[in-house]
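Taking it in order: structure first as structure tokens, then the write-up.
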Amino acid sequence: GFNDVIKGHKDLTAMLANADLVTLHDHLIRLALENDAKIIKLLSKLRTQEKRWSDAYEDEVNVSIRLCTTKVKSIEQKRDSTYEVADTDGELSCVNLDTKIVHRGDVYVIPTCNCGYFCSSFRICKCIVKALVVSGRKILVCSNIHPYHLLHLHPLWREGLKHARRAEYDDIKPSSSTISSTGDFRKTSKPDSRVIPNEFWTVRRVAKENKRRVQNLRTLADQLIQLAVNNGDEETYKRAHARLSQAKAEVAEMIEEKTGSAPSAPTIHSSDGGSSDDDIVLSNLADPHP
């Protein structure tokens with residue numbers, strides 16, 4: 001049995017022989033921190049992909065969509081947003097597309113069903129799919145998803161945003177409080193200065209060639225120099241310099257996180273130094289004060 005497995009594992013037996021409550025506590029804390037780090041990276045990835053729910057949840061909904069075509073026998077509308085759904089096994093379920101629920105103190109209006117699958121998982125079931133299709137509504141939208149499965153309500157969502165250096169979705173109303181990973185009810189933290197507001201996150205398709213990427217960045221740099229230096233003053237120059245320094249530090253930090261080592265300082269070649277097409281050259285704008 002299980003005890004025999006433990007007793008037969010020499011390394012585990014030795015560790016347990018020398019363990020105490022402090023060791024157990026430290027071990028559990030380490031596991032919790034490692035798990036939180038994995039979750040934060042996953043949430044960061046989902047935010048960069050513009051996801052509002054997990055891939056696993058979407059897979060389960062796709063299963064419900066397939067079951068709707070094979071397992072739902074009939075549907076009958078009882079009231080404006082209430083439907084009775086019968087499946088091929090003879091089970092009757094009641095679907096309400098406009099049910100008011102309370103989650104973490106906020107009121108949501110979502111589709112609900114009294115079938116066992118929805119009540120146990122809070123996922124969109126085949127009954128809800130059928131009712132949504134009959135009523136002419138979309139299926140995979142935030143308004144149809146139980147808030148338990150929405151990413152922006154995850155306790156570590158804000159840490160995921162910081163890791164991704166992305167702002168909250170524009171249609172998400174800021175809450176006056178949030179629940180931390182330890183379960184504490186705390187005031188919302190101040191926004192991270194590294195986070196780029198959504199209005200400036202305009203790159204939807206990245207050029208495949210480095211030469212094209214350099215040209216795009218050089219165009220923005222030329223425009224910034226024109227505004228901050230040629231048309232500006234000392235304050236506009238200092239602000240532009242500070243923002244570029246911040247961006248440089250953030251990119252170096254991102255590279256270090258991905259590679260595990262700090263990147264070497266980049267070499268910038270002047271425009272008259274015979275640089276190649278892929279080299280980043282200095283702008284050759286006119287002096288604002290000739």
(message) of a type in the set (Lys, Arg) and either in a helix (DSSP H, G or I) or surrounded by 16 or more Cβ atoms within 10 Å (Cβ to Cβ) (or both): which single residue out of Lys41, Lys73 fits that description?
(response) Lys41
(request) Quick one: in segment 27-38, of everything that is open to solvent by less than 100 Å² (accessible area, probe 1.4 Å) and not aliphatic (A, V, I, L, M), which residue is modelled with the lowest pLDDT? (result) His27
(message) If I ask for residues that are in contact (Cβ under 8 Å) with a residue 12 or more places away in the chain and either open to solvent by 70 Å² or more (accessible area, probe 1.4 Å) or of a type outside the set (S, T, N, Q) (or both), which ones from segment 49-69 would you list?
(response) Lys51, Arg52, Trp53, Tyr57, Glu58, Glu60, Val61, Ile65, Leu67, Cys68
(message) I'd like the residue in segment 76-89 that is of a type in the set (Val, Ile, Thr) and modelled with pLDDT of 95 or more and, out of all such residues, is farthest from Ile128 (Cα to Cα).
(response) Thr82
(request) Kindly state which helices (runs of 4 or more DSSP H) lie completely within segment 112-225 and contain at least 2 residues that are modelled with pLDDT of 95 or more. (result) 116-121, 126-135
(request) State yes or no: is Val129 free of Cβ contacts under 8 Å to residues at least 60 places away in the same chain and closer than 20 Å to Lys73 by Cα? (result) no
(request) Scan segment 214-238 and report the pairs whose first residue is farther than 15 Å from Val203 by Cβ and whose second residue is open to solvent by 100 Å² or more (accessible area, probe 1.4 Å) and of a type in the set (Ser, Thr, Tyr), with Cβ atoms within less than 8 Å and a gap of 6+ or a chain change. (result) Ala228/Tyr237; Val229/Tyr237
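The values are calculated or read from the model by the stated rules, or taken from the named source; none is laboratory data. Note that the structure is a prediction, hence the values are computed from the model and not measured. Because the Cβ atoms are built from the backbone with ideal geometry, glycine has one as well, and the counts that use them run over all protein chains shown. We work out accessible area using only protein heavy atoms, side chains counted, and drop any ligands, DNA or RNA first. Shrake-Rupley method; radii C 1.70, N 1.55, O 1.52, S 1.80 Å.
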